[in-house]
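The values are calculated or read from the model by the stated rules, or taken from the named source; none is laboratory data. Because the structure is predicted, anything quoted here is derived from the model rather than measured. Cβ atoms come from the backbone with ideal geometry, glycine included; neighbour counts cover every protein chain shown. The accessibility values were calculated without ligands, DNA or RNA, using every heavy atom of the protein model including side chains. Shrake-Rupley method; radii C 1.70, N 1.55, O 1.52, S 1.80 Å.
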Amino acid sequence: MTEIEKTAERLATEQLTAYNNRDIDNFLIPFSDSVEIYTFPDQLMYKGKDKMRERYGKMFKKAVNLHCKLTHREVLGNVVIDTEEVTGIIEGEIVNAIAIYTIENDKIQMVHFVR
């Protein structure tokens, strides 16, 4: 595994751990201040860490049983592709998702969600 792949995997793991702890401050650390969040393939949902704090902060407070189970991960260069099962967003339901993280300058710069 190359150094960029190790960094990419570490950043994806750090944000996932903080997500499962509903810890907004640590969740945001791996992300660039200008992070871009997309619905796959190219629909920009929002941009910036402040907007991310607002959206995820509300979700972390509301969804007290929130948990993301990583079912598969691929790392290639500066890209991490996670297959996930998320519970606690919709009561009694598992939401399946794929998150594609693109790392630039040792931060997560883009996230594409496939749902």
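Amide H contacts under 5 Å for M110: E36, T102, restricted to partners 5 or more places along the chain or on a different chain, H placed in the peptide plane at 1.01 Å from N. Under 20 Å from a label point set 7 Å out along the Cα-to-Cβ vector of V64, the amide N atoms of segment 20-55 belong to 20-25. When the GluC sites (Glu not before Pro) in segment 43-115 are filtered for DSSP coil states and for at most 15 other beta-carbon atoms within 10 Å of their beta-carbon, the remaining sites are E91, E93. Shown are M59, M1, whose ranking by accessible area with a 1.4 Å probe and every protein chain present, most to least, is M1, M59. Using a cutoff of 8 angstrom between alpha carbon atoms and counting only pairs six or more residues apart, the relative contact order for the chain works out to 28 percent. Along the axis of the charge dipole computed for segment 1-61 (Cβ charges of +1 for Lys and Arg, -1 for Asp and Glu, origin at the Cα centre), the listed residues V35, M59, T13 are led at the positive end by M59. The count of lysine pairs in the chain that are at least 8 places apart or cross chains, and whose C-alpha atoms lie under 26 Å apart, stands at 23. Segment T39..L76, full-extension length gain: 11.3 nm, with 0.36 nm per residue of separation and the alpha-carbon distance subtracted.
Overall, the chain carries a charge dipole of about 420 debye about its Cα centre when +1 sits on the Cβ of Lys and Arg and -1 on the Cβ of Asp and Glu, all other atoms neutral. Taking 8 Å as the Cα distance limit and 6 or more residues as the minimum spacing, I'd like the relative contact order of segment 58-106 as a percentage. Reported relative contact order: 31 percent.
Just checking the listed ones, V95, V80, V35: in the Gaussian network model of the chain with Cα springs under 10 Å, the one fluctuating most is V95. Applying the Karplus relation 6.51 cos²θ - 1.76 cosθ + 1.60 with θ = phi - 60° to segment 57-74 yields 3J(HN,Hα) values of x, 5, 5, 4, 6, 7, 9, 5, 9, 4, 7, 10, 9, 7, 9, 6, 9, 10 Hz, where x marks Gly and Pro. Around M45, with a cut-off of 15 angstrom between Cβ atoms, what is the net charge of the other residues, counting Lys and Arg +1 and Asp and Glu -1? Residues near M45 contribute +3 overall.
Whole-Hz Karplus values for segment 100-112 come out as 10, 9, 10, 9, 9, 6, 6, 9, 6, 9, 9, 10, 10 Hz, taken residue by residue from phi with 6.51 cos²θ - 1.76 cosθ + 1.60 and θ = phi - 60°; glycine and proline positions read x. In this structure the amide hydrogen of M45, modeled in the peptide plane, comes within under 5 Å of the amide hydrogens of I37, Y38, T39, none closer than 5 places in sequence on its chain. Over the residues of the chain, the helix contribution to mean residue ellipticity at 222 nm works out to -10000 deg cm²/dmol, using -39500 (n - 2.57) for each DSSP H run of at least 4.
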